[in-house]
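In what follows, a structure is listed as structure tokens, so that the remarks can point back to it.
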Amino acid sequence: MRTSASNFFPSHLSDGPSPSLRFLPISASASASAAGDDSDERPLRGHRVAMYRAASGLGAIKRHGLDGQMLNVAIRCASTSVAQRSSGGFWTWLTGARSNALPPPDFTLPGVTIPPPLPDLVEPGKTKITTLANGVKIASETTPGPSCSVGVYVNCGSVHEAPETLGATQLLKKMAFTTTTNRSHLRVVREIEAVGGNVKASANREMMNYSYAALKTYMPEMVEVLIDCVRNPAFLDWEVKEQIMKLKAELAEASSNPETFLLEALHSTGYSGALATPLIASESSENYTAPRIVLAATGVDHDELVSIAEPLLSDMPGVTGPAKPKSTYVGGEYRRTADSSNTDVALAFEVPGGWLKEKEFVTVSVLQTLLGGGGTYSWGRHGKGLHSSLNHLANEFDQIRSIAAFKDVHSNTGIFGIHTSTDAAFVPKAIDLATRELTSLATPGKVDQTQLDRAKATAKSAILMNLESKASATEDMGRQILAFGERKPVEHLLKAVDGVTLKDITALAEKIISSPLTMASHGNVLNVPTYDSVSGKFRSK
């Protein structure tokens with residue numbers, strides 16, 4: 001049988017040439033070869049030749065510019081032409097092998113029961129709390145998903161530091177997850193990496209935080225490693241020296257960061273007492289005691305967590321420990337000259353009551369959202385809406401590089417204010433603008449209901465988005481249990497935000513700006529007005 005060069009498919013593989021495919025030529029080289037065979041061409045032997053010619057034909061289609069739709073037509077026609085000889089379709093035609101028909105996607109496997117679908121609304125897990133005999137609290141809540149987060153939270157921070165332990169809080173954070181009395185640093189790292197875990201330690205003025213996240217199937221190993229690193233650090237001399245060197249480098253870098261520097265300066269200047277201690281309670285029998293520790297987890301079974309953690313924590317001393325040192329807000333000014341053409345200025349006032357007074361804390365959060373903020377590269381960033389008043393200033397004045405409201409709230413007190421970075425010559429005007437925005441919050445009628453509703457919606461969105469993270473939810477659980485002895489549901493906080501009124505905004509804003517001003521500046525500070533002149537702008541309102 002002679003193979004026609006005008007046919008794409010070899011004729012000996014079908015009952016006859018497919019008329020619908022005669023327009024599909026093979027490659028030029030293949031055509032020449034077919035013409036040279038003349039009438040004495042021997043029958044094609046084996047499937048390799050068939051596959052080669054089919055591949056050549058596919059290449060020819062591409063070289064002649066035929067699109068994918070035409071190729072699909074060719075394949076379907078080929079499958080139809082051999083349907084009488086084989087039920088295997090195109091693959092059988094191409095390779096000579098027979099393929100079994102696959103079952104449909106909805107085919108039910110014998111012995112396999114499909115679980116019922118989840119309901120449209122899955123109620124979130126409730127927080128369960130167990131208090132051990134020595135006072136350690138173990139809290140958890142179930143969450144969907146394959147991962148979990150476990151954290152140890154200690155009611156201990158820089159406010160507990162004595163002069164001889166100054167800076168120990170930050171050093172403890174750096175020494176987390178290093179050598180313990182039971183594990184070398186290498187073993188700690190290898191065990192964490194073996195389960196694909198992620199560990200983190202953080203410290204602030206009132207709390208230490210050690211967290212570990214991984215797949216929930218490794219929860220027992222996670223709890224054991226985490227508690228070992230918290231309770232049994234070895235503090236090897238060479239490791240301590242190495243971390244001190246790293247800490248000094250980080251502090252030098254932080255001191256050149258105006259935003260970080262000003263927040264520290266506001267505390268050291270605005271407070272007398274424990275909160276004036278730089279964030280730069282050591283681990284001891286006084287601070288790491290059972291009543292001041294919470295083990296919190298999300299995504300785990302509570303009974304299993306308690307059964308694993310209780311033997312590891314039940315021998316901790318149950319003494320209460322020393323009371324938290326007192327701090328008094330006094331206000332003041334701090335200036336630092338730096339080689340810069342810009343000036344960073346922060347104006348702050350006291351938030352009375354701190355976050356232990358829920359109403360004030362929620363209201364000041366809405367205040368911060370009302371003012372918002374922005375900068376050259378912050379359009380659309382979360383929490384800095386385009387409709388906020390400070391964002392309008394950043395867009396109106398080219399000299400303002402950034403301006404935003406901020407808050408740093410502690411258990412019994414806090415600070416709230418505005419930070420701006422601007423050209424040195426524009427500093428007096430920038431301070432006047434910040435003063436105007438702060439005083440407008442305390443003026444009845446300056447904030448309308450539409451602005452308040454938008455701010456409350458943004459505040460609630462920030463709360464819900466933050467709690468989507470298991471690590472954030474675990475930290476929220478630990479913080480609340482340390483502070484209140486319980487965890488309030490998120491619906492409670494959202495309801496509190498909804499309850500903020502225009503009268504609440506005006507009353508709290510007036511109360512805040514009536515406290516002494518704390519002012520800190522960094523950079524080219526020659527044009528920064530005097531403390532008394534800026535403070536007088538608020539007293540005259």
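Of all the listed residues (S411, S388), the sole one being open to solvent by less than 40 Å² (accessible area, probe 1.4 Å), at pLDDT below 90, closer than 29 Å to G331 by Cβ and touching a Phe, Trp or Tyr at 6+ places or on another chain (Cβ under 8 Å) is S411.
The single condition from (1) part of a loop (DSSP other than H, G, I, E, B); (2) of a type outside the set (F, W, Y); (3) out of contact with any Asp or Glu (no Cβ under 8 Å at 6 or more places or on another chain); (4) closer than 23 Å to L482 by Cβ that S365 fails is (1).
One line per residue, one yes/no per condition, for (1) more than 26 Å from T260 (Cα to Cα); (2) aromatic (F, W, Y); (3) at pLDDT below 95; (4) buried (at least 17 other Cβ atoms within 10 Å of the Cβ):
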| residue | (1), (2), (3), (4) |
| --- | --- |
| A471 | no, no, yes, yes |
| E475 | no, no, yes, yes |
| G478 | no, no, yes, yes |
| L482 | yes, no, yes, yes |
| P489 | yes, no, yes, no |
| M519 | no, no, no, yes |
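For region 137-151, enumerate the residues that are open to solvent by 10 Å² or more (accessible area, probe 1.4 Å) and either part of a strand (DSSP E or B) or among the hydroxyl-bearing types (S, T, Y) (or both).
Narrowing region 137-151 to residues open to solvent by 10 Å² or more (accessible area, probe 1.4 Å): 137, 141-147.
Correct list: K137, E141, T142, T143, S147.
In region 305-329, which residues are of a type in the set (A, V, I, L, M, F, W, C), within 30 Å of G273 (Cα to Cα) and out of contact with any helix residue (DSSP H, G or I) (no Cβ under 7 Å at 6 or more places or on another chain)? Scanning region 305-329 gives V319, A323. Search region 453-465 for residues that are assigned by the TED database to the domain that holds A496 and more than 16 Å from D476 (Cα to Cα) and pair each with any residue that is modelled with pLDDT of 90 or more and open to solvent by 50 Å² or more (accessible area, probe 1.4 Å) when their beta-carbon atoms are under 7 Å apart and the residues are at least 6 apart or on different chains. So the pair list comes out as K456/D498. Would it be correct to say that G536 is open to solvent by 10 Å² or more (accessible area, probe 1.4 Å), outside the structural domain of S256 (by the TED database) and either over 16 Å from V364 (Cβ atoms) or aromatic (F, W, Y) (or both)? Here the answer is yes, as G536 does meet what is asked.
Every condition in (1) surrounded by 23 or more Cβ atoms within 10 Å (Cβ to Cβ); (2) of a type in the set (S, T, Y); (3) closer than 20 Å to A509 by Cα is met by T443 except one, and the failing one is (1).
Taking the criterion of being under 27 Å from T413 (Cβ atoms), of a type in the set (F, W, Y) and more than 21 Å from the chain's Cα centre (by Cα), would at least one residue in region 260-267 satisfy it?
Keep residues of region 260-267 that are under 27 Å from T413 (Cβ atoms), which gives 260-267.
Narrowing the set further to residues that are of a type in the set (F, W, Y) leaves 261.
Next cut, more than 21 Å from the chain's Cα centre (by Cα) only: 261.
Yes: one or more hits.
Please tell me if L494 is closer than 30 Å to M208 by Cβ and surrounded by 13 or more Cβ atoms within 10 Å (Cβ to Cβ). Taking the combined requirement at face value, the residue satisfies it. A residue that is open to solvent by less than 40 Å² (accessible area, probe 1.4 Å), modelled with pLDDT under 90 and closer than 15 Å to S365 by Cβ can be found somewhere in region 453-462. Can we say T179 is closer than 22 Å to Q480 by Cβ, surrounded by fewer than 22 Cβ atoms within 10 Å (Cβ to Cβ) and modelled with pLDDT of 85 or more? No.
The values are calculated or read from the model by the stated rules, or taken from the named source; none is laboratory data. A quick note: this is a predicted structure, and the numbers were derived from the prediction, not measured. Positions of Cβ are generated from backbone atoms using ideal geometry, with glycine treated the same way; all protein chains shown enter the neighbour counts. SASA here: full protein model, heavy atoms, side chains in, ligands and nucleic acids out. Shrake-Rupley method; radii C 1.70, N 1.55, O 1.52, S 1.80 Å.
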